[in-house]
Amino acid sequence: MKIIEVIKSLESLAPPSLQESYDNAGLLTGDENANCTGILVSLDATEAVVDEAVKKGFNLVVSHHPIVFSGLKRITGKNYVQKTVIKAIKNDIALYAIHTNLDNVVNGVNGKIASLLGLKNISVLSSRENQLKKLYTFVPAKEADRVRQALFDAGGGHIGNYEECSFNAEGFGTFKGGANTDPYVGRPGEFHRENEIKVEIIFPSWLEDRMLKSLLAAHPYEEPAYDIIRLENKFSSIGAGVMGELDPAADETGFLKKLKEVFDLRIIKHTQLRNKPVSKVAVCGGAGSFLISSALTAGADFFITSDIKYHEFFDANDRMVITDIGHYESEQFTINLLQEFLEQKFPTFAVLKTEVNTNPVRYFL
Ligand SMILES: [Zn+2]
């Protein structure tokens, strides 16, 4: 199996186009066409993790955080980033990062946390705009089923928990081919009227190439007619953070204890408790202060995240409890998520979680 096959599979979980503009997710070192000898999954790709991959004979490290984030001007080994990159290249180790794109899918970093906390009715906290498109195409009636199916197979027609959604209307198309045409129906130079079905199918914008390729391959016409439009509808499964419900509701201290247990925490920083039951919980693994106002608007009782600055704690305004559980701690289960995903996709292949705890933060208690 080649490294590119692993990458393609990871991209089906979290399309690269969903990464934030400041991010640098993707393949950072290595040759995607090399044969993969094993996959090591980690939160950070540090020197110790690369050493571990070398020791295990694995040539692919899949991490959440990209080791190269804002570019490298020199590679002389003067800091941990340069040292890691040098070590990876010298040992032919491919470093692949799946970062904010994995934060922005409902079944990514935050969906995993929500499921471990037993939250129900999980939805994206701050959904992304302009992620949905619609394809209209006009197909001769007897070929409509086949073309529609090809578009479903390319990934179109998913709405929430429904698959193969489409709208179809009967009508007729007209055309007159030039002298050099080879029309599927009718004759060159003659006006033709054909019974057609107008097929409408919604799809996520990153599947546009695939949808078009499938359409052009399946459509019988020499010049298939189609329109693609961008929708302003919200895409409920794409965006930052998630929101879920605890049923039954928990009391605040009981819920804090649960957090300690699930995340194996020694300490939780939090704002004033409100003596109210905890039912709605917002979650953002990693630095989540940018979602405080979204969590408030969504009516969250608790917001679980990390990297909250002093003044940002005030923004809870006694309307919810903000908890800062630590960056590494909040994202630790991303390792399990990736390992489980890859193991399921490649059951006969070696996919291991790193044994290195890459958390740079220590606590003196
Ligand atoms: Zn992070």
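Read the figures in this text as sums done on the coordinates, not as results from a lab. Not measured: the values here are computed from a predicted model. Note that we place each Cβ from the backbone using ideal geometry, even for glycine, and neighbour counts take in every protein chain shown.
Values computed for the structure shown
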item: Potential lengthening between Thr76 and Arg146 on full extension [0.36 nm per residue; Cα-Cα distance subtracted]; result: 19.5 nm
item: Under the Debye formula (equal points on every Cα, no solvent term), log10 I(q)/I(0) of region 80-199 at q = 0.15, 0.21, 0.24 Å⁻¹; result: -0.88, -1.18, -1.28
item: At 0.692 mPa s and 37 °C, Stokes D of region 188-235 from Kirkwood alpha-carbon radius, µm² per second; result: 249
item: Within a Gaussian network of the chain (alpha carbon springs, distance under 10 Å), most fluctuating of Asp182, Asp301, Asp92; result: Asp182
item: Charge dipole (debye, nearest 20) of the chain; +1 at Cβ of Lys and Arg, -1 at Cβ of Asp and Glu; result: 780
item: Prolate/oblate/rounded call for region 68-122, Cα gyration tensor, a/c under 1.5 rounded; result: prolate
item: Loop-located GluC sites (Glu not before Pro) in region 17-122 whose Cβ has at most 15 other Cβ within 10 Å (DSSP); result: Glu20
item: Antiparallel %, DSSP beta bridges [both residues in the chain], to 5; result: 70
item: Rounded, prolate or oblate (a/c below 1.5 giving rounded, otherwise prolate when a/b exceeds b/c) for region 140-206 by Cα gyration tensor; result: prolate
item: Selected from Asn336, Asn107, Asn180 as most flexible by GNM, with the chain as the system and alpha-carbon contacts under 10 Å; result: Asn180
item: Region 95-100 - phi-based ³J(HN,Hα) in whole Hz, Karplus 6.51/-1.76/1.60, Gly and Pro as x; result: 10, 10, 10, 10, 10, 5
item: Order of Leu338, Leu18 - criterion: other Cβ atoms within 10 Å of each residue's Cβ, fewest first; result: Leu18, Leu338
item: Cα-only Debye scattering, the chain: base-10 log of I(q)/I(0) at q = 0.06 Å⁻¹; result: -0.31
item: Region 283-365: C-alpha gyration tensor shape, a/c 1.5 cut-off, then a/b vs b/c; result: oblate
item: Rough spin-label spacing in nm, given labels placed 7 Å along Cα→Cβ, for Phe314 and Glu5; result: 5.7
item: Volume of the Cα convex hull of region 229-355, divided per residue and given in Å³; result: 157
item: Globularity index of region 1-134, i.e. its alpha-carbon radius of gyration over 2.2 N^0.38 Å; result: 1.14
item: Two-site label geometry, Tyr363 and Arg266: point separation in nm, points 7 Å out along Cα→Cβ; result: 0.7
item: Whole-number percent relative contact order across the chain, with pairs defined as alpha carbons under 8 Å at least 6 apart; result: 19
item: Backbone HN-Hα couplings from phi across region 111-126 [Karplus 6.51/-1.76/1.60, Hz, Gly and Pro as x]; result: x, 5, 4, 4, 5, 5, 8, x, 6, 10, 6, 6, 9, 5, 6, 10
item: Estimated Rh, region 255-311: Kirkwood, alpha-carbon pairs, angstrom; result: 12.2
item: Among the listed pairs Lys8/Lys83; Lys87/Lys353; Lys2/Lys83; Lys133/Lys258, those beyond 31 Å (Cα-Cα); result: Lys133/Lys258
item: Beta bridges per DSSP with both ends in region 22-179, % antiparallel, nearest 5; result: 30
item: Asp209-Tyr136 pseudo-label distance in nm [points 7 Å out on the Cα-to-Cβ vector]; result: 2.7
item: Ser279/Arg230 FRET efficiency (R0 30 Å; Cβ-Cβ; nearest 0.05); result: 0.25
item: Region 166-253 - Kirkwood radius from inverse mean 1/r over Cα pairs (Å); result: 17.4
item: Listed residues Gln272, Gln339, Gln131, most fluctuating in the chain (Gaussian network, C-alpha, under 10 Å); result: Gln272
item: Estimated FRET transfer efficiency when R0 is 56 angstrom, pair Thr297-Glu222 (beta carbons, to 0.05); result: 0.60
